[in-house]
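The values are calculated or read from the model by the stated rules, or taken from the named source; none is laboratory data. Because the structure is a prediction, the values reported are computed rather than measured. For neighbour counting, all protein chains shown are included, and Cβ atoms are generated from backbone atoms with ideal geometry for every residue, glycine included. The protein model used for the area step is the full one, side chains on, heavy atoms only, and it has no ligands, DNA or RNA in it. Shrake-Rupley method; radii C 1.70, N 1.55, O 1.52, S 1.80 Å.
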Number of protein chains: 2
Amino acid sequence: MLSEFSLIDRYFAQRARKNTRRAALGIGDDCALIAPAAGEMLAVSTDMLVEGRHFLPDVDPRALGHKALAVNLSDLAAMGAAPLGFTLAFALPKPREDWLEAFSNGLFELADRHGCELIGGDTTAGPLNLCITVFGSVRQNDALRRDAAQPGDDIWVSGTPGDARAGLGVLRGEWPQVPIDRADLAHFRHALEYPEPRVALGLALAGIARAALDVSDGLAGDLLHILERSHVNAEINVDALPLSAALARLPRAQQLQCALAGGDDYELCFTAAQAQRGAVEAAAQQAGERVTRIGTITSSDTARSPVAPAITWRDASGAPLNLTLQGFDHFHAD
Amino acid sequence: MLSEFSLIDRYFAQRARKNTRRAALGIGDDCALIAPAAGEMLAVSTDMLVEGRHFLPDVDPRALGHKALAVNLSDLAAMGAAPLGFTLAFALPKPREDWLEAFSNGLFELADRHGCELIGGDTTAGPLNLCITVFGSVRQNDALRRDAAQPGDDIWVSGTPGDARAGLGVLRGEWPQVPIDRADLAHFRHALEYPEPRVALGLALAGIARAALDVSDGLAGDLLHILERSHVNAEINVDALPLSAALARLPRAQQLQCALAGGDDYELCFTAAQAQRGAVEAAAQQAGERVTRIGTITSSDTARSPVAPAITWRDASGAPLNLTLQGFDHFHAD
């Protein structure tokens, strides 16, 4: 039986050392040394995942390893930054070899795919807790900020939001009266457990899009962050929302709840000038991602006073819809 | 009663935004943007602190805020890096306003003193857990690494190691038969709760010292990390260990246990060429810190084979001592 230290070393440090390219000094010293590309800034984001809050106690450790890094890479994607490396701090009640192996496999499979190196970390005994801080490189003027949306901008979303929330709804048994196909369930569950950070899309959009963020807490709620920081409002064409074939087979109420108020999709929501439509489409094609125009940024009537920003919901004919979105209620509810 | 979000915003985000100088983009976007000084590298370190493991449940929150950042700044000091900023991720069972106020006061008092900005973070509900990632700036060739010690180097230590461990021993009631003065107890306890990261000393030593680390797990154990990474051995003159007046009043057994096997001091242990003695003394004077020569780096007989490095303990006359150090047993025991 290996000691705790040997286990950590085998599954993390050894594997990290093998692949050191970007960090001048990685695991094993007091600090790692890293630098953004010449003339660029380091983009930094940190996320903490807690058992019972962000994942269930019986989560597949491979999926957890994937998702813990994916949510952080998604923050880089939302800035248009290229991944460089990450630190991993975690508390574990009791290290189990099979758990660590599966967790590290899920983690490194995604990390390697994005050329994102483990450059440092910390491990301790304690209630299960994962804290990843991720580093990317981005030209300061190309960074996709939340405060850069302008009236007249198109509002875009990548992928098909709502699938992860549908997965959670099914796993929780929220819709017992709705029959769901086994293949659709597998699709939803995969979306929930293995979200794919839109790194290539974020990179391709840097310098083209204006404002962007990743949808972790639901499209409606997250879009409000852009509106608030940019002092603008928005109109969304609900009928333009891109739905997966699986989600389109659920009743309309579930479709809207999942696509607008569900979280954990990690799709990008971004704005761009109308003149950039061709460039946005080309960027998406280059990244191999689907993007859909779902609305327009409008002026805030109250740009000077601190009034809450607003989203107007419309159908395809332009008629206003009175949507009552159920409060955000997935694991990220904090 | 403020909501959880408002509390976090009041005690952390608002205060962080007021002082933004170094980060091009701080709290409130998907990522913070930060860059090392021109021509320098970013030094990165992360530490996770867990209740019951790194601090007692009844810890003074102001001391906890101080210490959570201090242990990270100490890692920068040990690299000779200048603090730039940090991210703070924490899980809290239930936010209490008085707790958050005291914690944030302890945290920002130290952060402001070192010009180290809060640039991002994450908060969630969960068992109390603090994860800080700290960023500094250092010229790559001046960084104080663990693998740079050379035979013939002097071994130095800053301050008076052992006081924090004595504080823990007294708080735990380990030495009921040893009478301890009230002023000495206050001294020990302050060392344990408010360790002072040796940032100025680390900066002054960059380019002068060879290898360095900060003593978090006990001088003997931590020195082994330098020896291991540098493929060398060491001789330590135990009688040269700098002891505080308070520690010197404890029995010799406790003195050695605390100074050599105790942790949480966050003093720097470093090596430097003998020709640099004057420069080291001058650097310490510039930083306003005490440094003491306690030994010498020696050749490893087995540079080629992976044999464990060794420390030879001697007294002032040069006679070898057979020290049996009690295993490292403070909260950091992982």
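Between the stretch A:31-77 and the stretch B:234-261, what is the separation of their alpha carbon centroids in Å?
43 Å
Using helices alone, what [θ] at 222 nm do you get for chain B, with -39,500 (n - 2.57) per DSSP H run of 4 or more residues, divided over all residues and rounded to the nearest 500?
Numbers: 11 runs with 107 residues, N = 334.
It comes out at -9500 deg cm²/dmol, rounded to the nearest 500.
Would you work out the relative contact order for the stretch A:168-273, in percent, from Cα pairs under 8 angstrom that are 6 or more residues apart?
Details: 95 pairs, mean separation 47.1, N = 106.
Result for the stretch A:168-273 is 44 percent.
So for the protein assembly as shown, considering every pair of alpha-carbon atoms, how many percent are separated by more than 47 Å?
On the way: 46194 of 222778 pairs.
Percentage above 47 Å: 21.
Rounded, prolate or oblate for chain B? Axes are the square roots of the Cα gyration tensor eigenvalues, ordered a ≥ b ≥ c, and the cut-off for rounded is a/c under 1.5. Working shown, then result.
Details: a/c = 2.14, a/b = 1.37, b/c = 1.56.
Here chain B falls in the oblate category.
Could you name every residue in the stretch A:142-161 that has 20 Å² or more less accessible surface in the full protein assembly than in its own chain alone (probe 1.4 Å, ligands and nucleic acids excluded)?
A:Arg145, A:Arg146
Over chain A, what relative contact order in percent results from Cα pairs under 8 Å that are six or more residues apart? Display every interim value, and only then the final one.
Numbers: 725 pairs, mean separation 73.3, N = 334.
About 22 percent, as a whole number.
If you add up the charges near A:Ala246, with Lys and Arg at +1 and Asp and Glu at -1, over every other residue whose beta carbon is less than 13 angstrom from its beta carbon, what do you get?
Working: positive: A:Arg165, A:Arg182, A:Arg189, A:Arg249; negative: A:Asp163, A:Asp181, A:Asp184.
So the environment of A:Ala246 carries a net charge of +1.
Using a/c under 1.5 as the rounded threshold, could you call the stretch A:82-189 rounded, prolate or oblate? The axes a ≥ b ≥ c are square roots of the C-alpha gyration tensor eigenvalues, and prolate needs a/b larger than b/c, oblate otherwise. Show your work: numbers first, answer last.
On the way: a/c = 2.22, a/b = 1.03, b/c = 2.17.
Note, shape of the stretch A:82-189 comes out oblate.
About its Cα centre, how strong a charge dipole does the stretch B:217-318 have in debye, to the nearest 20, once Lys and Arg get +1 and Asp and Glu get -1 at the Cβ? Walk me through the intermediate numbers first.
Numbers: 8 positive and 12 negative charges, 44 e Å.
I would put it at about 220 debye.
So what is the diffusion coefficient of the stretch A:144-314 in µm² per second by Stokes-Einstein at 25 °C and 0.890 mPa s, using a Kirkwood Rh over Cα pairs?
Numbers: Rh = 16.2 Å.
Result for D is 151 µm²/s.
Going from most exposed to least, what order do A:Trp175, B:Trp156 have by accessible area with a 1.4 Å probe? Provide the component values of the computation, followed by the final result.
Values: A:Trp175 25, B:Trp156 5 Å².
Descending order: A:Trp175, B:Trp156.
At 25 °C and 0.890 mPa s, grab the translational diffusion coefficient of the stretch A:4-141 from Stokes-Einstein with a Kirkwood Rh over Cα pairs, rounded to a whole number in µm² per second. Don't skip to the answer; put the middle values down first.
Numbers: Rh = 15.1 Å.
For these conditions, the coefficient is 162 µm²/s.
Report the B-A buried area as the accessible area lost on both sides summed, probe 1.4 Å, in Å² to the nearest 100. Please report the intermediate quantities before stating the final value.
Working: alone 15240 and 15220 Å², together 26230 Å².
Buried area (both sides, nearest 100 Å²): 4200 Å².
What part of the accessible area of the stretch B:144-314, given as a whole %, is carbon or sulfur when the probe is 1.4 angstrom? Present the calculation step by step, with values, prior to reporting the outcome.
Values: 3330 of 6850 Å².
Using a 1.4 Å probe with all protein chains present, the stretch B:144-314 comes out at 49 percent carbon and sulfur.
On average, how much accessible surface per residue is there in the protein assembly as shown, in Å², for a 1.4 Å probe, leaving out ligands, DNA and RNA? Show your work: numbers first, answer last.
Values: 26230 Å² over 668 residues.
Using a 1.4 Å probe on heavy atoms only, each residue of the protein assembly as shown averages 39 Å².
In whole percent, what relative contact order does the stretch B:4-141 give with Cα contacts below 8 Å and a gap of six or more residues? Walk me through the numbers before you get to the answer.
Values: 251 pairs, mean separation 52.8, N = 138.
For the stretch B:4-141, the relative contact order is 38 percent.
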